[in-house]
Amino acid sequence: MALATYLALAHRSEQTLADSFRVVGAGHAQHPDVLFTCRALAEFSDDHVRRLTPLVQRYGERRHDGDVEEPERLHADGLAEVRQGPVGLLRDLQDLHVLGTLVQTTWTVLLQAAQGLRDRELLEVARQAGGETSRQLSWLNTRMKAAAPQALILGS
Amino acid sequence: MVDRIADIWGSRTPHERGTVWPARVDEYLEDGVAPGEVERWVQSACLLCSNGCGCDIAVKDGRMVGVRGRAGDVVNHGRLGPKGLYGSTPWARSSERLTRPLIRRDGRLVESDWETAMGRIVEVSRRLLADKGPLSHGFYTSGQLFLEEYYTLAVIGKAGLGTPHMDGNTRLCTATAAAALKESFGADGQPGSYTDIEHCDAIFLYGHNMPETQTVLWARILDRTRAGDPPVIVCVDPRRTAVAQEAERTGGVHLAPRVGTNLALMNGLTRELFVNGWVDQRWVAAHTVGVDELRATVEPYPPEEVARICGVDPADVRRAARIFGASDRVLSTVLQGFYQSHQATASAVAVHNLHLLRGLVGKVGSGVLQMNGQPTAQNNRECGADGDLPGFRNWDNEAHVRELAGLWNVDPLVIPHWAPPTHAMQIMSYAEEGSIGLLWISATNPAVSMPESARIRRILGGEQCFVVVQDLFRTETAELADVVLPAAGWGEKTGTFTNVNRTVHLSEQAVDPPGEARSDLDIFLAYASAMDFRDADGEPLIAWRTAEEAFDAWREATRGRPVDYTGLSYARLRGPTGIPWPVNDEAPEGTDRLYGDATFPTATDHCETYGHDLLTGAEVTEQEHRALRPAGRAFLKGAAWTPPHEPLSDDFPLLYTTGRTAYQFHTRTKTGRARSLRDAAPDAWVELSAADAAELGIGEGDLVRVESPRGAIEVRARIGHIMPGAVFAPFHYGSGDVGDGPGRQANELTMTVWDPVSKQPYFKTAACRVTKVGDGDGPAPAPTTTASAPVAAGLPATVGGAPTTSRRVPTPAYPNDPATGGR
């Protein structure tokens, strides 16, 4: 089943998102709300990774498959380091948002598959994780909206 | 004659449940002034805490010489507290008053004149506008200006300049109250009333040391708890305050959760309501949204888990929940122990949840009082000189912004509304990076009161930002400014302000300000005039010239909004009592309590906010809000507890928390200049538990060094009734007058971190260590009459206040008082 490929994508992209939230938080620690919120949001993704484990064991987790490797090509690299200054913060938050969108659509796809499979466990995980990914994206959106005018007009 | 230092709350006037709180008139005249010598009594209200007691100012020879409570005022029924009695007037004649503008020349502040000082401000302002645009301007105000001044400044900032960077120190004191009210009920506005005290069966005080922060309100409670049929008191506080002692006396509970664990306790209490069937299912179904999510959120918090997280007895959690669940009428009050602590908004919202689950809102005796720290904080929230739009309008609602644009006759695009107005800590960050190039600070002292003092001093003292300070005195903040403007204070100008209880008071000018000092309103108007702000038709943006004209303009801005002033005028406010809003055609005498019909201002087109994710602060969108169809129903919202931001470590093993004492207000600008108050609490101290002190080898009065990762203070130790593991420091004492070396300023140690929703800084969750520096030569300079009382017996008691009078008078009829059939 190509499902395994998507489970692998969820697994890896959630891990990447968690790591990236931590990098951005620590790198912009002079903004305490960014530091602490990124930490809390990284824990959301940690939890999703944990909850994926039994599902991965059940369905397997394929990184590559001759027929279905499109999702792997979409896999985004995480943020290894942060940019400087107000515009840098904005760009880093935007990168997190891009990563988060990949995670969110992955959960959407998995939720659809779970319904087809009548897999209650996967349904529950995909629903909850997808909901929490939305909360991650909402915060990123809120923070970017507040920061954008000052950064783009007065930032250097 | 009463010494109100020794006797903080004055004599008792106990009375039965459901009867009117008796009147008692408290009065203080300065040394040598006999009652017959007072030439005039001028109507006002007290400005030395958020209670808003009606008072008259005594005037003799053109000077303010004392105060007297107004017997007919619904707020205080004639009483005044020690701060109001002793502290209201002496500062005005201090030789340290600012009487001329100062400008910085060659690194020093030198005396100047208004033309030069304002000219310099306008020059910088114009240059920044031309080079960088309006986002280069920031304003940081107070909780102690008057309504007319906040509204005028809001119009200057939002319609004249068009900058979103405007906030008040209300961010440090009441932002969470406002945020929590908005999350639950859709808009700011105190649901309950002080009159609920006379009718309730139980009173819960959450992180609220009312006996010291609002002494007159506590006297009102004591007059019920000392009667034959007292309400039960429940206290949530890490210190053994007078509230905690009253909880023991009345058969209630004192819960002392570890600092940083309030939300876990609240989740536990909420869960008890669900599992014991204390939820009014029908009311909840009809009047709230979100009960299923809330039940799921609090499910992981049974009493034993709460006990593990909070360090409290699980039986006490059950007892407190039972008192809440089984009492017919419950009053809750909340203050800084929740607002300035970890997960502030979620914890304050949890108090609403408890009331909503039982349907105990909008009913006599059942209310919530989300308190304020300052006397005019409410007006900053109403008028939009803080992180709000005027009239409780929603920045995210285009129709609301168009209303304001119509009112001011400007293009809606001028009014910044792409995000909420910038909060104070973010304004400081922009000033730090220099993108705010002009920061104008009025009537507040952030160099002492903001967290992480060393950073704030660096920001204000740096070259990257031009700083204007407008104040009564040359404060620690003024010393860092580029221009200092001398302001007139209370009694030296006319204006209105609104207390916690929504009660609006008029404060008339009693005397002339000293030297060239001007009212804050006149200063703002002078700036607006010099900048020549115009509306869409080329007319002056601000047409008013007097406080009364400003009030009338504000009244129009409240039409159709929850904060409805349309029935108020200066003439109406010259009566015997302040009047609580809404005041309009339907409620010409004002409104004692909100939401009597269980209809809340949550409709999507009407509400002040669409709400937030309480854990992250992410904004709920208009579409999401509309999909919930709140339509007048209140929101039940919860969040999981998370550990505080700074964990304890071997290096910093103790929890550090800050707070107030009964005898001082803020950074002591006024109370430090009144002899009775100064002598009662002359210097800073820290409180340690007996167990911690013994382990550290520290005795009463020893000099100790208290350090956090950010800074240190050296002050004397009081061995007191604080919970083991925690250290308390009063935040009133600046380091300005102690010279070099380790200071005594509590905020040297606090963290720069804030609540995700209210953006209120957390002053109460840092980690610290304490070491002994030297032996003491007597007890710590801490009062013995308050929560700072020593463990040791035999220390000299805090006494010695100047004589005051206190006399019973016939109790007048109070408008709206439910004990006499009012609404």
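Computed from backbone phi, the HN-Hα couplings of region B:469-478 come to 10, 10, 7, 7, 10, 7, 6, 4, 6, 4 Hz, rounded to whole numbers (Karplus: 6.51 cos²θ - 1.76 cosθ + 1.60, θ = phi - 60°; Gly and Pro given as x). Each Cα pair under 8 Å and six or more residues apart adds its separation to the average, and for region B:1-107 the resulting relative contact order is 25 percent. With just the Cα atoms defining each centre, how far is region A:95-110 from region B:588-641? Give it in Å. Cα centres, region A:95-110 to region B:588-641: 30 Å. Please tell me the relative contact order of chain B in percent, rounded to the nearest whole number, where contacts are Cα pairs under 8 Å and at least six residues apart. Normalised by residue count, the contact order of chain B is 21 percent. How big is D, in µm² s⁻¹, for chain A by Stokes-Einstein at 4 °C and 1.567 mPa s if Rh is the Kirkwood radius over C-alpha pairs? Answer, rounded: 80 µm²/s. Mean partner shielding of peptide A:141-153, defined as the number of other chain Cβ atoms within 10 Å of each residue Cβ, is 5. For the peptides B:464-471, B:33-40, B:344-351, the ranking by packing is B:344-351, B:464-471, B:33-40, with the highest mean count of neighbouring Cβ atoms within 10 Å listed first. Cross-link pairs exceeding 21 Å between alpha carbons, from the set B:Lys132/B:Lys158; B:Lys182/B:Lys637; B:Lys132/B:Lys759; A:Lys145/B:Lys158: B:Lys132/B:Lys759. Per-peptide packing, taken as the mean over residues of other Cβ atoms within 10 Å, places B:694-705, A:28-39 in the sequence A:28-39, B:694-705 from highest down.
Normalising the Debye intensity of region B:693-735 to I(0), with uniform scatterers on Cα atoms only, and taking log10 at q = 0.13 Å⁻¹ returns -0.30.
Measuring between their Cα centroids, region B:754-815 and region B:644-701 lie 9 Å from each other. For region B:381-539, what relative contact order do you get, as a whole percent, if you take Cα pairs closer than 8 Å and at least 6 residues apart? Relative contact order here is 14 percent. Along the axis of the charge dipole computed for chain A (Cβ charges of +1 for Lys and Arg, -1 for Asp and Glu, origin at the Cα centre), the listed residues A:Cys38, A:Leu17, A:Val109 are led at the positive end by A:Cys38. Peptides A:54-60, B:360-366 ranked from most to least packed, by the mean per-residue count of other Cβ atoms within 10 Å: B:360-366, A:54-60. Per the Kirkwood formula applied to alpha carbons, region B:372-466 shows a radius of gyration over Rh ratio, Rg over Rh, of 1.03. For region B:76-131, the calculated P(r), taken from all Cα-Cα distances in 5 Å bins from zero up to the bin holding the longest distance, is 4, 14, 13, 14, 11, 10, 9, 9, 8, 5, 2, 0 percent.
Most simply put, chain B has about 55% antiparallel DSSP beta bridges, counting only bridges with both residues inside it. Specify whether the C-alpha gyration tensor of region B:559-718 places it in the rounded, prolate or oblate class, a ≥ b ≥ c being the square roots of the eigenvalues: rounded for a/c under 1.5, otherwise prolate if a/b is larger than b/c and oblate if not. Taking the square roots of the gyration eigenvalues as a ≥ b ≥ c, region B:559-718 is oblate. When every Cα-Cα distance of region B:463-514 is counted in 10 angstrom steps from zero, the calculated P(r) takes the values 23, 31, 30, 14, 1 percent. Taking the three principal axes of the alpha carbon atoms in chain B, the coordinate ranges are 67, 66, 59 Å, sorted in descending order. Shown for A:Arg22, B:Arg629: other C-beta atoms within 10 Å of each C-beta, ranked fewest to most, produce the order B:Arg629, A:Arg22. Taking other C-beta atoms within 10 angstrom as a stand-in for reagent exposure, B:Arg4, B:Arg807 fall in the order B:Arg807, B:Arg4, fewest first. Sort all Cα-Cα distances of region B:232-277 into consecutive 10 angstrom bins from zero, then give the percent of pairs in each bin up to the one containing the longest distance. In whole percents, the pair-distance histogram is 29, 42, 29, 1. The residues packed around B:Gly119, meaning those with a beta-carbon under 11 Å from its beta-carbon, carry a net charge of -1 if Lys and Arg are +1 and Asp and Glu are -1. Shielding of peptide B:618-624 by partners, expressed as the average count of other chain Cβ atoms within 10 Å per residue Cβ, is 4. Give the residue from B:Pro420, B:Leu541, B:Thr558 lying farthest towards the positive end of the charge dipole for the protein assembly as shown; charges sit on Cβ (+1 for Lys and Arg, -1 for Asp and Glu) and the dipole is referred to the Cα centre. So the residue furthest toward the plus end is B:Thr558. Remark: mean inter-chain Cβ contacts per residue of B:413-423 equal 2, using a 10 Å Cβ-Cβ cutoff to other protein chain atoms. Over all orientations, region B:531-604 has a Cα convex hull whose mean projected area works out to 7.5 square nanometres. Residue-normalised convex hull volume from the C-alpha trace of region B:239-340: 119 Å³ per residue. For region B:654-792, pairs of C-alpha atoms spaced more than 25 angstrom apart make up 21 percent of the total.
Computed over the alpha-carbon atoms, the protein assembly as shown gives an Rg to Rh ratio of 0.96, Rh here being the Kirkwood radius from the mean inverse distance.
We did not get these values from a lab; they are worked out from the coordinates using the rules stated. Treat the numbers as computed from the prediction; the structure is a model and nothing was measured. For neighbour counting, all protein chains shown are included, and Cβ atoms are generated from backbone atoms with ideal geometry for every residue, glycine included.
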